[in-house]
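Colleague: To start, I am sharing the structure in question, which I have written as structure tokens.
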Amino acid sequence: MMNIDPARFVPCGHVANKVITCAYLPDINPFYWSGDLSAFFRAMAARTFPMPRKEIRFYLSRQKSTRADSYEEQLQCELEKRGFLIIHAQELSVREQVELFASASCIIAPHGAGLANTIFCRSEVKVIEIFNTSIVSPDFCQRLKYVTRDYHPVVNLNDRAVGRVLDLIS
């Protein structure tokens, strides 16, 4: 199985009540994104919707959902001071979301499905993905390899996400 020595596997029952403090992941599959797939979606969006020329920076907020994180209010206030728009994607049409992501120069967002629209982004976009400590997932890190090289994961460890995000946009 995947050329891993079976002797290295640990039965689930032996680790049921254990906490893993460090794990190493191989370079996993690209979650079905590729350079060609990203180019296809950007080209289809450009043909369907006139792409805005202006560049915008925005925070993809969850404040109006039940999944808002404790840092959001403070982060949104700081980002607004720095000229960022606060976006609630659930209030936008598909067209508005495509146009928004296609015109983005910087996107800051909590980890989640809202980042799927990054497939419409230009290659110069900066993406800052914020994780809470209960889930750190490589999904968008893997996907964004095909969109941009300017990707930054931030883990909200000890409520330090706001400072780390602000450092990344300075």
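Read the figures in this text as sums done on the coordinates, not as results from a lab. Everything numeric in this text was worked out from a predicted model, so none of it was measured. For neighbour counting, all protein chains shown are included, and Cβ atoms are generated from backbone atoms with ideal geometry for every residue, glycine included.
Colleague: Limited to the range 108-119, what total is found for residues that are under 20 Å from Ala43 (Cβ atoms) and among the hydrophobic types (A, V, I, L, M, F, W, C)? Even if it seems obvious, please write down each step before you answer.
Modeller: The initial filter retains those residues of the range 108-119 that are under 20 Å from Ala43 (Cβ atoms), namely 116-119.
Next cut, among the hydrophobic types (A, V, I, L, M, F, W, C) only: 116, 119.
So the answer is 2.
Colleague: Also, I was wondering about something else. Criterion first (closer than 21 Å to Phe41 by Cβ and charged (D, E, K, R)) does Arg164 satisfy it? Outline the logic, then answer.
Modeller: Numbers: closer than 21 Å to Phe41 by Cβ: no; charged (D, E, K, R): yes.
No: the conditions fail for Arg164.
Colleague: Continuing with this model, one more query. Can you name every residue in the range 113-145 that is among the hydroxyl-bearing types (Ser, Thr, Tyr) and under 9 Å from the mean Cα position of the chain (by Cα)? Talk me through it step by step, then tell me what you get.
Modeller: Here is the first cut: in the range 113-145, the ones among the hydroxyl-bearing types (Ser, Thr, Tyr) are 118, 123, 133-134, 137.
Within the range 113-145, Thr118 is the sole residue that qualifies.
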